[in-house]
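The values are calculated or read from the model by the stated rules, or taken from the named source; none is laboratory data. Keep in mind it's a predicted model, so treat the numbers as computed, not measured. Cβ: placed from backbone, ideal geometry, glycine included. Neighbour counts: every protein chain shown. For the accessible areas, the whole protein counts, side chains as well, though only heavy atoms, and no ligand, DNA or RNA atoms are used. Shrake-Rupley method; radii C 1.70, N 1.55, O 1.52, S 1.80 Å.
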Amino acid sequence: MTTAAKPSHTVSIHRGIRWADMKLEVDLVRQLLLHIEEHATRPISDLDSIKIDGWTEDQIDYHVVQLKDAGFIEASISSVPDNENPDLVHVIYSVRRLTYKGHEFVETVRDDTIWRKVKEKGKAIGAMTLPALVNIGAGIIKSQIGL
């Protein structure tokens, strides 16, 4: 008796993201990048259906899209509008790897103490965008090494 080969990975389509309800969660950005760094170990990996405790599938899907748009990851992403609700989008993704920019961000905010300082300073000046956080992190590191 022969059995059919199982696919090497699965692709899930979630219930749908309502883009208007999403906001950038910088802690999730950091966790996703650290997760991708740890799990995308082949030259071209194929990570899909990422799960991170404390975050919904919709939040993770949304942030995968944002990280690709920001140039932090290389990924294939398909967005399919919902047939019944035009406010929803279904996302299918496969993350291949971190880009140089993604590695730079991870190295800047890997340390929990530095990450906490980056977020505090970003909130204080009202700059919680990814480019601002990269610059704030770089500034904190420079000040720690006396530059």
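Laid out as a table, the results:
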read-out: Percent carbon-and-sulfur accessible area, the chain, ignoring ligands, DNA and RNA, probe 1.4 Å; value: 52
read-out: Tilt relative to the chain, helix 57-69 - C-alpha long axis, 0 to 90 degrees, to 10; value: 60
read-out: Cα-centred dipole magnitude for the stretch 63-147, charges only on beta-carbon of K, R (+1) and D, E (-1), debye, nearest 20; value: 500
read-out: With Cα atoms, 0 to 90° folded angle of helix 130-144 axis to the chain main axis; value: 40
read-out: Cα gyration tensor shape of the chain, rounded if a/c is under 1.5, else prolate or oblate by comparing a/b with b/c; value: oblate
read-out: Accessible area per residue, Å², the chain with all protein chains present, probe 1.4 Å; value: 61
read-out: Simple label model, 7 Å out from Cα along Cβ direction - residue 87 to residue 116, nm; value: 3.9
read-out: Relative contact order computed over the chain (Cα-Cα under 8 Å; 6+ residues apart), in percent; value: 25
read-out: The chain, dipole about Cα centre (Lys/Arg Cβ +1, Asp/Glu Cβ -1), debye to the nearest 20; value: 500
read-out: Cα-based helix-to-principal-axis angle, 112-125 vs the chain, degrees rounded to 10; value: 80
read-out: Residue-level accessible surface for residue 142, protein heavy atoms, 1.4 Å, Å²; value: 110
read-out: Relative contact order of the stretch 79-147, pairs being alpha-carbon contacts under 8 Å that are 6 or more residues apart, as %; value: 22
read-out: By accessible area with a 1.4 Å probe, ligands and nucleic acids excluded, highest first: order of 119, 51; value: 51, 119
